[in-house]
Structures are given as C-alpha cells and as structure tokens.
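Below is one structure, written out as structure tokens; the observations come after it.
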Amino acid sequence: MKQLSIFLFILFPFIGNAQPSEQTYAEKLGYPKGKKVLIIHVDDVGMSYESNQGAIKAIKDGVANSLSVMMPCGWVPGFVHYLKENKELDAGLHLTMTSEWKDYRWGPIAGKNQVKGMVDPEGAMWRGVADVVKNATPDEIETEIRAQLDRARTMGFEPTHLDSHMGTLFATTEFLQRYLKVGMQEKIPVMFPGGHNTVVQSQEKMIADQLAMTKVVGKQLWDAGLPVLDDLENSSYSWKGPESGDKSEKALQKYKTEKYINAIKNIKPGLTMVIMHCTIHTEVFPVITDSYPTREGDFLAMIDPELRKYIEKEGIILTTWREAMRRRGSVK
C-alpha cells in the first residue's frame, strides 16, 4: 500500500469535521479488549489457475480466511463456480485498474469506449499506477469500479468487501473518494486502515497529522454503517526468500512462516488485515511473473502447522469481512 501516504495531506475537503474515536474498531464490533483480531487475506484470486488453487487451499487447509477477486482476469469464472458451491467463503473484489505483466494482460470490464483513459496502446489497462494517474479520470475510475461490481453480481457473486489491486485507488484523493463512495453507497465494507495504524505508521513513515486524517476517514466509514480496520499489515510481497538462496519448498516455507510470525508479533490489538498472495507451484505460473517464489512461499506458510500453532497459542482471533459486517449491523 505504498500509495497510502500520497493522499493524506489533501483529504480535508473530503473528510469534513468528523472526529476519530480512541476505542479500537475491534472492540466496537464486540471483540474482547486487548485481543489481536486478524483477517488473513489472499489477493489476486481469479488472475490464474494457480492463484485460485493457492487461495482455496490456503483457506481450506491453512489459516487464511479471506480473499478478493480480480474481475477483469481470465480465471474468474473458475473461481466463481467454486464460490457458488462454497457460499460462506469470505470473498471480495480486488478492484483492478492495472494490468502489470508483460505477456499476460487484461482490459477494463467497462470497455475501452467507456474508459479510454484507462487503456494503453496494447488495448489493456496500464501496467503502472503512475500511468493510471496520468491518463485516467476519476469518473472513469468510478465507472470501472462499478463495472467490476456489476460483473460480479451478474455472475451471482455478492462481494463481502472491496480492496485495491496495487493500491491504485489510494494513489490520488479523487480516486480514493470514488472508492469510498461506492463502498458507502452500496453498503460494502472497504479496505481502509482507519484505526490506530501502528503497522501502517511504521511502514509508511506517517507523521501525526497523516495518522489523524486516516482516523477521521475511518470514523466516516463507521458512521456510514461499515466496519473499519484498525491496522494493515502489507509487507509480505517484499519477503523474497531465504538469504542462503535455498529454493526448496521446505526452506521457503520455514522462511515465510517465521516472517509471518514476526509480523504478527508486531501487530497491536485491534482488527488488522494481513495481506498476501498465494499460488500453488506449476510450470506455467513463472511465465506470468517472476514473483512466483514469494507467492508460493505465502501459500506454504499458510498451510504450515507451525503458523497455526502460534496463532492458537497466542489466543489470536481470526475473523472475516463477512463477520465484521454482521457485527457492525448489530451495533448502534
């Protein structure tokens, strides 16, 4: 979420005069005071067969408990067919405004004529966030957000939450406004760290004024009837592998599991979303992206009994966006 700090100084016209609360959102949702409450979340579902299977197995056989789907991608039907047979799965939309890989690409759901500024010379979405910011209008961004939501609903998939692929919707204040607007209007929870933000503050090097503004936006979301995150842990993509260079599954699993345990140790009480990307190993996926070792490592960590043992030993509560929204509906 490296775009998070970009917009924080210019949020004042959007946030109005709301004042933040010091109580954690986990406590406001009825979770015990002092407890770490985690949504262990898999991004990029629908991108590939490997992404689908990695997410499904990480939840079915591991400790992951939530995921989000990239609606413009080719393997979305394969996942949605599975979802229809597993209706309680916590599945949101990984709102996708970019198409970053070299040889495997996708275009906007809304169609080129509706969102011309979002399309590059190859007819796909732009590869980088900066190009989206340079070429796309906020109206086009909102059009595409709504098109992706509409496709999901057309397929019989009602998302439990919304989040942002590559953080594109956090890149400008105007993009953020449209993202939050759709969530509030449609009564769908949105990924936004609006609480104490201990981990985000450290990772983004936020100053006091920036932190205060995230809290105010969090209160606005809460007042709109949505659950809000206290914090966000989003560093796993940078964990590339053992320093020894050992690329075996055993070494990669041990390395990633230790990284997750250390990251969870640094999380403070409250509702925190832990982001990762899980894929199974095939010969094909490395052709899509050279990020396959960290993605396979995430999957291996999720199914590692040592990670489950740590979570249980520490009394950490695992929850989902679905459960958080259910609890929010019962709070006045």
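No value in this document is a laboratory result; all are computed from the given coordinates. Small disclaimer: the values here were computed from a predicted structure and weren't measured. All Cβ positions, glycine included, derive from the backbone under ideal geometry; neighbour counts span all protein chains shown.
Odds and ends about this structure:
- Near the amide H of residue 29, within less than 5 Å, lie no amide hydrogens of residues on another chain or at least 5 residues away, with H placed in the peptide plane.
- Neighbourhood charge, 12 Å Cβ-Cβ cut-off, centred on residue 89 and excluding it, Lys, Arg +1 and Asp, Glu -1: 0
- Within the straight-line cut-off of under 21 Å between alpha carbons, the lysines reachable from residue 215 are 2, 28, 33, 35, 36, 181, 187, 205, 268, 332, sequence neighbours fewer than 8 places apart in one chain being disregarded.
- The chain - share of DSSP beta bridges that are antiparallel (%, nearest 5): 5
- Scaled to the globular estimate 2.2 N^0.38 Å, the Cα spread of region 9-166, given as radius of gyration, is 1.18.
- Counted charge near residue 123, where neighbours are those whose Cβ lies closer than 10 Å (Asp, Glu -1; Lys, Arg +1): 0
- Inter-label distance, nm, simple model (7 Å from Cα along the C-beta direction), residue 308/residue 113: 5.2
- Placing a label point 7 Å from the Cα of residue 187 along the Cα-to-Cβ direction, the residues of region 211-229 whose backbone N falls under 14 Å of that point are 224-227.
- Springs join every pair of Cα atoms under 10 Å in this Gaussian network model of the chain, and among 221, 83, 95 the largest mean-square fluctuation is at 83.
- Extension gain, residue 134-residue 282: 0.36 nm per intervening residue step, less the Cα-Cα distance, totals 49.7 nm.
- Charge tally in the Cβ shell below 13 Å around residue 181, where Lys, Arg are +1 and Asp, Glu are -1, residue 181 excluded: -1
- Net charge dipole size for region 225-331 [Lys, Arg +1 and Asp, Glu -1 on Cβ; Debye, nearest 20]: 400
- Fluctuation leader among 196, 81, 165 - the chain, Gaussian network, Cα springs under 10 angstrom: 81
- The peptide list 70-77, 227-234, put in order of mean Cβ contacts within 10 Å with the highest first, becomes 227-234, 70-77.
- For mean projected area of the Cα convex hull in nm², the value calculated from this model appears in (i) 16.9; (ii) 17.9; (iii) 16.0 under label (iii).
- Dipole in debye (nearest 20) - region 27-329, about Cα centre, beta carbon charges: Lys, Arg +1; Asp, Glu -1: 800
- In the chain, helices alone account for a calculated mean residue ellipticity at 222 nm of -12500 deg cm²/dmol, with every DSSP H run of four or more residues adding -39,500 (n - 2.57).
- Each residue of region 78-94 is assigned a 3J(HN,Hα), and the resulting list reads x, 6, 4, 4, 5, 4, 5, 8, 9, 5, 8, 4, 7, 10, x, 9, 8 Hz, derived from the Karplus form 6.51 cos²θ - 1.76 cosθ + 1.60 (θ = phi - 60°), x at Gly and Pro.
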